[in-house]
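K.L.:
I am attaching a structure below and will ask some questions about it afterwards.
The values are calculated or read from the model by the stated rules, or taken from the named source; none is laboratory data. It should be emphasised that the depicted structure is a prediction, and the values quoted were computed from it without experimental measurement. Cβ coordinates were reconstructed from backbone atoms using ideal geometry, including for glycine residues, and neighbour counts include every protein chain displayed. When the accessible area is computed, the model is the full protein with side chains, heavy atoms only, and any ligands, DNA or RNA have been set aside. Shrake-Rupley method; radii C 1.70, N 1.55, O 1.52, S 1.80 Å.
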There are 4 protein chains.
Amino acid sequence: MARTIGVIGIGHVGVTTSFNIVTKGLADTLVIIDNKPGWAEAERLDLADSLGGLSTYTEIVANDYSRLRDADVVIFSGGDISVIQNGDRNSEIKSTKAAIDDAAPQLAASGFHGVLIDISNPCDVAVTYWQQQLNLNRNQIIGTGTALDTYRMRRAVAAAMHVNVADVRGFNLGEHGESQFTAWSTVRVNNDPITDLPDFNMKDLNEAARLGGWQIFSAKHYTNFGIATIACEMAGAVMSDAHRIFPCSSYDDDYGVSIGHPTMIGRGGVISHPAMRLTSDEVQKYAHSATTIKENLAKLQALG
Amino acid sequence: MARTIGVIGIGHVGVTTSFNIVTKGLADTLVIIDNKPGWAEAERLDLADSLGGLSTYTEIVANDYSRLRDADVVIFSGGDISVIQNGDRNSEIKSTKAAIDDAAPQLAASGFHGVLIDISNPCDVAVTYWQQQLNLNRNQIIGTGTALDTYRMRRAVAAAMHVNVADVRGFNLGEHGESQFTAWSTVRVNNDPITDLPDFNMKDLNEAARLGGWQIFSAKHYTNFGIATIACEMAGAVMSDAHRIFPCSSYDDDYGVSIGHPTMIGRGGVISHPAMRLTSDEVQKYAHSATTIKENLAKLQALG
Amino acid sequence: MARTIGVIGIGHVGVTTSFNIVTKGLADTLVIIDNKPGWAEAERLDLADSLGGLSTYTEIVANDYSRLRDADVVIFSGGDISVIQNGDRNSEIKSTKAAIDDAAPQLAASGFHGVLIDISNPCDVAVTYWQQQLNLNRNQIIGTGTALDTYRMRRAVAAAMHVNVADVRGFNLGEHGESQFTAWSTVRVNNDPITDLPDFNMKDLNEAARLGGWQIFSAKHYTNFGIATIACEMAGAVMSDAHRIFPCSSYDDDYGVSIGHPTMIGRGGVISHPAMRLTSDEVQKYAHSATTIKENLAKLQALG
Amino acid sequence: MARTIGVIGIGHVGVTTSFNIVTKGLADTLVIIDNKPGWAEAERLDLADSLGGLSTYTEIVANDYSRLRDADVVIFSGGDISVIQNGDRNSEIKSTKAAIDDAAPQLAASGFHGVLIDISNPCDVAVTYWQQQLNLNRNQIIGTGTALDTYRMRRAVAAAMHVNVADVRGFNLGEHGESQFTAWSTVRVNNDPITDLPDFNMKDLNEAARLGGWQIFSAKHYTNFGIATIACEMAGAVMSDAHRIFPCSSYDDDYGVSIGHPTMIGRGGVISHPAMRLTSDEVQKYAHSATTIKENLAKLQALG
């Protein structure tokens, strides 16, 4: 009965995601919300200007929480990424918490009962905080998490191995942050374990994958195209009940925290978690990442 | 034999256009070029990060003019729109001229012989200046011009008349700038002349259409989604030799200047110009717009 | 809350429409229904085989009316077009009536309350008969009607006038059958009234437009690509509440019958009917077409 | 410089592939060729009727070999699948050989120098025969081969294991025919080897995958949607030089025959063959399949 997607926080990331939604006809109604005076309305007009060249139609609504009542998906891209330019992650925690504190009661009041996809940072902490703010099933609240890091790893591997990114599979796991890691034991190139390939250089590839994001960030001070694409893929998987696997941020019972790991996504959000088969070294990295997320979560909670 | 599109100048407009090209699979090779150190490579990585979620593949190349030799289309989005925040259009002329002076010899040296679509501002002046810099047929150099204003008019009319933008037709004409105007005699709503409709209020609609762009601009300091969409539509029309009409900037023999007016686009750029049927009032506005463009062109030429 | 489309009658037309839905990701769930033993399941498998190459996902369900309860749109393509090979339209009326008699009670029992789009023939008669069988608002039941004839007219005009079909506008009206006609007073080429153009030859164009369908039919014994495209466009307009105009079959109060005329489509089906501005000759043709539809309707009712 | 695709043989498979090309905007020019009098022109008109509802444009040309001179890809879907209804594969060899004998000299005369993708049957034999008829590099001539069987296996596994087809990877190999087989050692579900999963039942899945095609075939007497999708994926990979892996039919040096095995596809056709890692049982099946292809090839050659 019609698809509705909300995007809360219309900075570079949120609005690029919105453009992707409109231009691909992913939603019948798109609700964009932003606190900055005049901002959502300005973006609504710019997005609507593209309708003249599309064969699909999307109703675009600005700053109306009430239209999120029956939304299938709300994508949260609030907070202020500019604060981490000076490398102080704590200030990002603060700005994201403030944005959630502002949005959560209004979203709850709308009667929203769909799936929330967080793309704000620090992503895993934000997912947990959202779970605490909304009276929804924990499965309905997820984050893009290491799904983006996985895209980057696949791009770096494809370039190094001279194959198409479609033929690189596997997962980056853990915190969407400095402690994330590629679980190389899961990575396959043309269906072969990458670890068996003669020209596999783990150190170089780790560098290439990690540096990718920072290289973008240091020039642009944000990254938006990869994240907008993964957010739309995940939103599509929810709406079509696709039962697809994404290494996104969702609750891990064993570690008691939301963290990037393989998650089957469908209507209702998390459908299940396929068992991970990691090396002991990878398990250790994952555990370390979980600890890091918990520490950051404590910092957020301490903000009061 | 494969589609290649170049985008020179990867600011907000150029890169959003690039994202649209990649995400819709419009090109087999996309060449993005920018002078700012590290910028094109950063955007290349961010755009490439989206490939993990697409079913099409586009090779993305950064800062390599030589790859434009056989490009079907080059979109020029150079210059610095930020300079017009204080309302001084002359500084924009200066920055755009500088960007063309930088790009033109390198583009010429590549052996490029396709169609150049200018989306920099002031668009009509830039189109003429490009025609002077490149040793190409004048038909191969066009600008988005009032095609964007037309999108905005259609959006404003659709909203006011409660119809879909697909059912609003007609043209904005003249300079892509302050002197542009809606040729209301050409506008049809649900196939009826808008001037016959009882609830047609020309003054209100002129305001709504014109203010749209400024409302976006005053919040964002640029507009990118409408322009990225129209640029891709025009590039598509060139590549598929679509013989479609766009009210874009192309040379008008009668007025001796490139200006926004209905232009049939195909491979090779301008195919023909369908005759305009304007009221005498509209003819006058068009003539005034042509004069304005010539004045600005003189200012540009005077820069030496 | 997810888009569901049903297609009842999976002959060449129904299944091509279904393929278009799956391959463009227009629905989250597609329910295909056919009486021929094993047929819907065979097509379900063939359609599902395409999912391996798509970036979108559609659940495909065979022969389950209960899944149509919350369908946004049901497309009816039942009946047996092969019976008109020998030119006996009455036998087509018979086969279509039988198909509706079979499907209607099962569709009603499902609790379906969306929009039904008929693409079976004779289309206008079938629309009326559906309106009599289902306990829905008359606005919820429409047919593709002369929207397809309009596509064909636009294709023929574009070819004759050397323009793109996107720049040909206007309507074919009346019965989707022999008495349909192009309302040339509504047709515009590059925004100009076609009747003003020096090379406009009404007789030749009438022939070209009308013969198009028969030329396809006489080779293939059915036509499926144009109709599948228009059916999906109309289904999309319903789901996104697009308020777009189609010259489709819907109830005309003045003539007391469902007939092809400009109809604004959105959620709920018919939103409104923009006033037609026809010449007296066109009005006469339209009235004649309405009479023809009523006569055929009487034949159908007489079948008991 | 614009994408041109040719489709020779416009039966159900060829024309569905053509529709997919037009409706997704994959080509700037589509050339469809068929011997049956009036057929290609009828399909050209039906395909062109869909242009009125698309935002892309494709020039559609009927029965003009000369337009294939600079085609990027030619898809061959000639022959007469109806002859195998009575289970006599030899008659299919005969009809396909006749179709190639008819098309090959005309295609050669056009100066075609792109990539030929065979989707006629028996596919592997047809690929080899094409290689003998055209004066092209062997890498330029491939067939869809077991890429379609692989789609079917993935669909069957996804259904049985309750996952999305996107998360099922692996290959069917060998002859596109009765001796094809799933190389289960290559199949991964959610990135895990399927052979490690507790609910993996090889016998049931082999049945489900193989029966899928026959279930479609026994109802429809042809299958078209899966094959049209894979043919377009492969054509896209050629045009965009994607360097993607398909288990399609290409020349295997070790066995001296064209056969379905993992093949990296790009501009120029075959880029390389990633090494296969099969169990000894799978190697045996593959060798048996190669022998079968050679036997059928001998039958074809014996036709004189």
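K.L.:
Of everything in the range C:64-92, what is modelled with pLDDT of 90 or more and open to solvent by less than 60 Å² (accessible area, probe 1.4 Å)? Give them in sequence order.
P.N.:
Scanning the range C:64-92 gives C:Asp64, C:Tyr65, C:Leu68, C:Ala71, C:Asp72, C:Val73, C:Val74, C:Ile75, C:Phe76, C:Ser77, C:Gly78.
K.L.:
If you don't mind, another one. Let me confirm something: among B:Gly53, B:Gly38, which residue is within 7 Å of chain A (Cβ to nearest Cβ) and in contact with a Cys (Cβ under 8 Å, 6 or more places away or on another chain)?
P.N.:
B:Gly53
K.L.:
Do we have B:Ile10 as assigned to a loop (DSSP other than H, G, I, E, B) and under 21 Å from B:Tyr222 (Cβ atoms) here?
P.N.:
yes
K.L.:
Out of the range B:135-144, which residues are open to solvent by 10 Å² or more (accessible area, probe 1.4 Å) and either touching a helix residue (DSSP H, G or I) at 6+ places or on another chain (Cβ under 6 Å) or within 21 Å of B:Lys299 (Cβ to Cβ) (or both)?
P.N.:
B:Arg138
K.L.:
Could you check, for the range C:281-297, whether at least one of its residues is within 14 Å of chain D (Cβ to nearest Cβ) and either within 24 Å of B:Ile194 (Cβ to Cβ) or assigned to a strand (DSSP E or B) (or both)?
P.N.:
no
K.L.:
From the list D:Tyr129, D:Tyr151, exactly one residue is aromatic (Phe, Trp, Tyr) and facing chain C (nearest Cβ under 9 Å). Which is it?
P.N.:
D:Tyr151 is the lone residue from the list that is aromatic (Phe, Trp, Tyr) and facing chain C (nearest Cβ under 9 Å).
K.L.:
Which condition breaks for C:Ala147 when tested against (1) assigned to a loop (DSSP other than H, G, I, E, B); (2) buried (at least 24 other Cβ atoms within 10 Å of the Cβ)?
P.N.:
For C:Ala147, the failing item is (1).
K.L.:
Here is a list of conditions, (1) more than 20 Å from A:Ala228 (Cα to Cα); (2) free of Cβ contacts under 8 Å to residues at least 24 places away in the same chain; (3) open to solvent by less than 10 Å² (accessible area, probe 1.4 Å), and B:Ala42 meets all of them except one; can you say which number that is?
P.N.:
Going through the list (1) more than 20 Å from A:Ala228 (Cα to Cα); (2) free of Cβ contacts under 8 Å to residues at least 24 places away in the same chain; (3) open to solvent by less than 10 Å² (accessible area, probe 1.4 Å), B:Ala42 breaks only (1).
K.L.:
While we're on this one: Which members of the range D:160-209 meet the condition of being within 14 Å of chain A (Cβ to nearest Cβ) and assigned to a helix (DSSP H, G or I)?
P.N.:
D:Ala160, D:Met161, D:Val165, D:Ala166, D:Asp167, D:Trp184, D:Ser185, D:Thr186, D:Ile194, D:Thr195, D:Asp196 - these are the residues of the range D:160-209 that are within 14 Å of chain A (Cβ to nearest Cβ) and assigned to a helix (DSSP H, G or I).
K.L.:
Looking at (1) modelled with pLDDT of 95 or more; (2) more than 25 Å from B:Ile21 (Cβ to Cβ), find the lone condition where A:Gly38 falls short.
P.N.:
Checking A:Gly38 against (1) modelled with pLDDT of 95 or more; (2) more than 25 Å from B:Ile21 (Cβ to Cβ), the one that fails is (1).
K.L.:
Here is a check on your reading of the model: is C:Leu197 in contact (Cβ under 8 Å) with a residue 24 or more places away in the chain and open to solvent by less than 30 Å² (accessible area, probe 1.4 Å)?
P.N.:
Answer is no for this residue.
K.L.:
Shifting gears a bit: Quick one: A:Arg267 ticks every box in (1) modelled with pLDDT of 95 or more; (2) at positive phi except a single one, so which number is it?
P.N.:
Result: A:Arg267 fails condition (2) only.
K.L.:
Which ones in the range C:168-188 are of a type in the set (D, E, K, R) and surrounded by fewer than 24 Cβ atoms within 10 Å (Cβ to Cβ)?
P.N.:
Selection gives C:Arg169, C:Glu178, C:Arg188.
K.L.:
A:Leu116: within 30 Å of A:Phe200 (Cα to Cα) and within 15 Å of the chain's Cα centre (by Cα), yes or no?
P.N.:
no
K.L.:
Right, next: Say whether the condition of being open to solvent by less than 20 Å² (accessible area, probe 1.4 Å) and closer than 30 Å to C:Ala219 by Cα is met by at least one residue in the range C:54-63.
P.N.:
no
This table checks each residue for (1) within 18 Å of A:Asp72 (Cα to Cα); (2) part of a strand (DSSP E or B); (3) within 14 Å of chain B (Cβ to nearest Cβ).
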residue	(1), (2), (3)
A:Ile227	no, no, yes
A:Glu233	yes, no, yes
A:Tyr251	no, yes, no
A:Tyr255	no, no, no
A:Gly260	no, yes, no
A:Thr263	no, yes, no
A:Val270	yes, yes, no
A:Pro274	no, no, no
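K.L.:
Let me ask something else. Is at least one residue of the range D:53-63 of a type in the set (Val, Ile, Thr) and either under 18 Å from the mean Cα position of the chain (by Cα) or over 30 Å from C:Ile227 (Cα atoms) (or both)?
P.N.:
No, the range D:53-63 has no match at all.
K.L.:
I've got another one for you. Step by step: first the residues of the range C:247-298, then only those that are charged (D, E, K, R) and within 21 Å of the chain's Cα centre (by Cα), then the one that is farthest from C:His176 (Cα to Cα). Which residue is that?
P.N.:
Here the residue is C:Arg267.
K.L.:
May I pose another question? Given the structure, is A:Asn191 open to solvent by 10 Å² or more (accessible area, probe 1.4 Å), over 20 Å from the mean Cα position of the chain (by Cα), on the phi > 0 side of the Ramachandran plot and of a type outside the set (Asp, Glu)?
P.N.:
yes
K.L.:
I would also like to ask the following. Just to be sure, is D:Val157 open to solvent by less than 30 Å² (accessible area, probe 1.4 Å) and part of a helix (DSSP H, G or I)?
P.N.:
When the stated conditions are applied, D:Val157 passes them.
K.L.:
Can we say A:Thr229 is open to solvent by 10 Å² or more (accessible area, probe 1.4 Å) and touching a helix residue (DSSP H, G or I) at 6+ places or on another chain (Cβ under 9 Å)?
P.N.:
When the stated conditions are applied, A:Thr229 does not pass them.
K.L.:
Filter the range C:263-298 for residues that are touching a residue at least 24 places away in the same chain (Cβ under 8 Å), open to solvent by 10 Å² or more (accessible area, probe 1.4 Å) and not charged (D, E, K, R) and give the result.
P.N.:
Selection gives C:Gly268, C:Val270, C:Ile271, C:Pro274, C:Met276, C:Leu278, C:Thr279, C:Ala287, C:His288, C:Thr292, C:Asn296, C:Leu297.
K.L.:
Given (1) over 30 Å from C:Leu51 (Cβ atoms); (2) in contact with a strand residue (DSSP E or B) (Cβ under 9 Å, 6 or more places away or on another chain); (3) within 14 Å of chain B (Cβ to nearest Cβ), identify the lone condition not met by A:Gly212.
P.N.:
A:Gly212 satisfies every listed condition except (2).
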